[in-house]
Each structure stands twice: as structure tokens, then as C-alpha cells.
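The values are calculated or read from the model by the stated rules, or taken from the named source; none is laboratory data. Here the structure is a predicted model, which is why all the values come from computation and not from measurement. Glycine gets a Cβ as well: all are built from the backbone with ideal geometry, and neighbour counts include every protein chain shown.
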Amino acid sequence: MTTKDTKDSERVAKAIEMAKKAHEGQLRKTGEPYIVHPLAVKKILEEWGMDEDTVIAGILHDTVEDTALTLDEIRKEFGESVAFLVDGVTKLSNARSGMRDIDTYLPETKDNFLRLMIALGDDIRVLIIKLADRLHNIRTLSALPPDKQKKVAKETLEVFAPLADRLNMGLLRVELADLSFKYVDEKRYNELKTLIEKYNKSAEKSLKKVEQEFSTALKKEKIHFALSGRVKSVYSLHKKLAKHNQNINEIYDLIALRIIVNDITDCYLTLGIIHSLYTPMGGRIKDYIAKPKQNGYQSLHTTVITKDKRVVEFQIRTKEMHEYAERGLAASFYYNEQKVTENYKKGKIEHLPTNLLWITELQMAAAKLREGKKVDLKKLKLNLFADKIFVYTPKGDIIDLPKGALPLDFAYRLHSEIGDHVIGVKINGKMSNLNKKLEQGDIVEILTSKNQTPRTSWLGKIFTPHARQKLTRRLNILSGNNQNNSQNKSK
């Protein structure tokens with residue numbers, strides 16, 4: 001991936017020296033000098049192709065909060081734009097510091113997080129710097145104590161990974177989600193990682209044959225292309241399995257072949273060639289070029305059955321579509337830095353890409369707040385957390401859960417004692433079963449009995465890592481007690 005070279009820039013070099021001096025004597029939890037972190041953030045922003053002001057702000061993003069350096073000093077040396085970005089990141093950190101429990105700032109349950117996002121609307125580059133900051137922190141999360149690891153990982157999984165997805169930053173979303181999931185539910189992570197590796201090994205020979213057949217056909221038609229494989233990420237597989245009752249045979253995109261071609265015409269020609277070689281599966285042809293995803297993602301997807309009865313997914317796109325699929329908003333800055341940068345600066349709310357109009361909505365709300373006007377947060381249709389549902393207790397308390405959650409997930413979310421003693425559930429006043437997926441707005445009443453104890457079969461009726469962890473722990477305790485009782489009896 002091509003990146004802009006800011007390493008030899010005089011301004012960037014000056015920012016590095018300023019950050020080194022400001023952070024002198026400070027150490028990270030890893031034991032390294034603190035300057036390692038802002039330099040890592042700098043490198044990430046450069047890899048994303050961000051403009052120079054953003055890279056400089058990334059270098060200085062912790063100075064105002066953690067050192068004696070002032071915003072006025074940064075403004076004097078680097079100008080208003082850099083100062084504005086550093087101030088935005090500082091305010092974001094300060095706002096989050098008072099709401100460390102993720103459950104207190106999810107959208108539609110509390111106003112805090114939406115207010116946070118409105119503040120980011122002034123210049124979305126603040127969020128991009130924060131995402132780079134979070135990426136390096138999650139890469140080095142092992143240095144923190146276990147309790148903090150889980151807290152940071154959960155927040156990353158439930159807030160920052162979805163935000164990366166909303167910005168169509170696909171590579172970032174995958175890395176944030178997988179690294180976080182490893183800390184949230186390590187056992188499940190390792191199970192799925194092993195499953196993916198096993199599947200890859202078994203499919204290796206078949207895929208090579210498909211690649212050869214397919215490449216020969218494209219060359220014959222004189223279509224210029226680049227071919228690569230894409231393995232499904234661990235967290236994505238976790239979510240997919242939950243939707244398909246843990247049946248791996250219903251997951252058709254564990255491995256995908258990705259074809260990059262010159263233009264849209266070649267995309268559709270390539271799709272036709274694939275279908276002439278292999279049998280397409282009904283309902284598995286998706287045209288995200290004609291109808292892009294909400295975050296702007298474009299590609300053609302088709303799943304086929306090969307001659308040796310293997311199921312393979314193909315993804316077909318142009319180079320530009322691929323860049324946007326991988327880097328999303330950051331690619332906008334790379335391809336048209338000056339125009340896009342100006343559009344994202346404070347007060348600029350016009351000419352944004354169609355798929356990023358939600359940013360315009362944030363900016364308009366921010367402008368109203370600056371003018372002292374009221375903003376109805378409930379009318380902001382940001383849809384940042386499309387994977388979440390909000391359900392209610394009979395008393396009207398709101399509980400947020402991931403899509404696909406089941407009654408036992410709800411019960412364990414309320415309290416372990418409730419989860420351990422479930423005998424039934426009422427959904428919207430009617431008796432239901434524990435396999436029923438909860439839906440947005442459901443009123444859920446858990447029925448319990450003191451005589452009930454958790455069962456191993458419940459593991460197949462759980463979706464969330466939180467509930468799985470609670471249930472597994474309880475089952476282990478019960479198993480230990482049963483063994484002790486047996487030993488006592490034998491004596």
C-alpha cells in the first residue's frame with residue numbers, strides 16, 4: 001500500500017523533537033520510553049495516508065493532557081489546524097475518562113456517547129487519530145493487568161471496531177476486533193483460530209486448482225487482474241456461527257478469493273467468467289457495486305460450487321474500491337488530500353461523500369450546539385451500532401445486547417444469580433423458549449426457581465462471551481462440588 005512520505009518533513013521532525021522533550025522521563029506500562037507510543041501512532045497515520053497536520057497532531061496527541069506543553073505553544077509552532085486536532089483528542093480523552101464503564105455511554109441508552117460523537121463532527125480527523133491511538137494500545141495491551149485488559153478490549157470491540165466499520169476502514173476493524181476478542185474470550189478465540197487453520201489446510205490444494213483454472217480463463221479474455229486470498233477473521237466467524245447455530249457447514253465465506261480488476265466493466269465480465277466455470281449458489285450473488293453498503297463498501301460477491309464440490313466465495317472489485325474497502329475514510333484523504341481535508345475542517349459541512357453523510361449530520365449538530373441551540377439526540381440516525389439491539393426489563397430498564405442474543409444472555413447480563421436459576425422466559429408477555437433470538441424493543445421477563453441449577457446444554461443457547469464465561473465458571477464449580485461429594489461418599 002502506498003503511503004505519503006512525511007518522515008523527512010521539517011514540521012514533522014520538529015513535532016517529534018517537541019514530543020520527545022515533553023514526554024522525557026515518562027514510561028509506558030511496557031517499561032518503554034513513552035515517546036514510543038506517539039511515534040507508533042505517527043507511523044500508523046502515515047500508513048493510512050493521512051495529511052501532514054493529522055500526522056503531527058498524532059505525534060503530539062498526548063502532550064497537552066500528560067505533559068507541561070500547552071495548546072498555545074502547539075498553535076504557535078504548527079498552526080490552528082494542528083492545535084484544533086490535538087485539542088479535540090484531549091477533549092475526547094477527558095470526556096471518556098468519566099465514563100469508563102462501557103454500558104453507561106452506549107447510544108440510545110445514554111446521551112453521553114452521542115454528545116461525544118457530535119464533538120468529533122467538527123473534524124472527523126480527531127476520530128482517526130483516536131483510532132490510531134487505540135490500535136497501538138490494543139497491540140500492546142498485554143502490558144496491562146488482566147482486569148484492565150478486559151475493560152479496554154471490551155470497549156474496543158463494542159465501540160471503536162464498529163466506528164472503524166462505519167468509516168469503512170476494513171483492515172482496522174478486523175485487527176481491532178480480533179485483538180480485542182482474544183482478551184474478552186481467549187478460550188473461544190483459540191478454538192475458532194484452530195478451526196480456521198484446520199479448514200485452510202484442508203482447502204489448500206483445491207483452492208490452488210481453482211486459482212489456476214480461473215487465472216487461465218481471465219488471461220484468455222485479456223482481463224488484467226490481481227488475485228489474492230482472504231481468510232475470514234476470528235471475530236467475524238464468531239458472529240457468523242452465532243447466526244447459524246454454530247454450524248460451520250453453513251458458513252460459505254471462510255475463505256474468499258479476491259480479484260482486483262481495472263474497471264467496473266471488467267468486474268461484471270469477471271463475474272460472468274466465474275459463473276461459466278463453476279455453479280453459482282442461489283441467493284449468494286451480491287451486487288454491492290450497484291447498491292453499496294451503508295458505509296460505502298463496493299464489490300461483487302458470488303459463492304460457487306467448484307468441480308470438486310468445494311464451496312468458494314469470490315469478491316470482485318476495482319483497485320479504487322479495494323482501497324476504500326481496506327482504508328475507508330483514510331483513503332479519501334490519500335486520494336484528494338487538500339479538498340477532503342478542507343471539507344472536514346471545522347465548519348465545513350458540504351461536499352462529503354454520500355456514504356459519509358452521517359458526518360455531515362454530526363457537524364450540523366455541533367454547529368447548533370456552538371450557537372447555543374438544542375439538539376434532539378434521538379433524531380440523529382448515526383446507526384453506529386448496527387449490530388446491537390436494545391431490549392427492556394418489565395420495569396422498563398434498557399439492556400443493550402448484540403444482535404443474535406438469546407434469553408440466557410439477557411439473564412446473565414442482569415445478574416449471574418438470575419442466569420443460574422432460569423426456568424423459562426416471557427417475551428412481550430408471552431411464554432417463549434430459550435432458543436428464541438431477542439429482537440429490538442422486546443420486553444423480556446426471566447422466570448427463575450431457587451431449585452434450578454445451570455446445565456451443560458445451556459452452552460448451546462448462549463451467544464455472548466459474557467454469558468458463556470459466567471455459565472462456564474458456574475458449571476466448573478458445580479462439577480468440582482460433585483467430584484468432592486463422590487470422593488467423600490467413597491470414603
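Some points to look at:
- PHE160 vs. criteria at pLDDT below 85 and either within 23 Å of GLU32 (Cβ to Cβ) or buried (at least 19 other Cβ atoms within 10 Å of the Cβ) (or both): no
- Residue in segment 123-134 that is assigned to a helix (DSSP H, G or I), farther than 23 Å from ALA40 by Cβ and modelled with pLDDT under 90 present: no
- Output for segment 13-29, where each listed residue is surrounded by 13 or more Cβ atoms within 10 Å (Cβ to Cβ) and closer than 14 Å to ALA143 by Cβ: ARG28, LYS29
- So ALA143, is it small (Gly, Ala, Ser), surrounded by fewer than 19 Cβ atoms within 10 Å (Cβ to Cβ) and modelled with pLDDT of 75 or more: yes
- Residue list for segment 274-312, restricted to those being of a type outside the set (Ser, Thr, Tyr), buried (at least 17 other Cβ atoms within 10 Å of the Cβ) and either assigned to a helix (DSSP H, G or I) or touching a Gly at 6+ places or on another chain (Cβ under 9 Å) (or both): ILE274, ASN295, GLY296
- Residues that are over 24 Å from SER276 (Cα atoms), crowded, with 17+ Cβ neighbours inside 10 Å and either more than 21 Å from the chain's Cα centre (by Cα) or of a type in the set (Ser, Thr, Tyr) (or both) within segment 218-259 comprise SER233, TYR235, SER236, listed in sequence order.
- Subset tally (residues that are over 20 Å from LYS309 (Cβ atoms) and surrounded by fewer than 21 Cβ atoms within 10 Å (Cβ to Cβ)) for segment 185-217: 13
- Among the residues making up segment 23-46, a single one is without any contact (Cβ under 8 Å) to a residue 24 or more places away in the chain, assigned to a loop (DSSP other than H, G, I, E, B) and among the β-branched types (Val, Ile, Thr): ILE35.
- Hits in segment 63-79 (condition: in a loop (DSSP other than H, G, I, E, B) and either free of Cβ contacts under 8 Å to residues at least 40 places away in the same chain or under 21 Å from LEU172 (Cα atoms) (or both)): THR70, GLY79
- Residue count for segment 413-432, restricted to those that are surrounded by 15 or more Cβ atoms within 10 Å (Cβ to Cβ), of a type outside the set (Gly, Ala, Ser) and within 14 Å of ARG455 (Cβ to Cβ): 3
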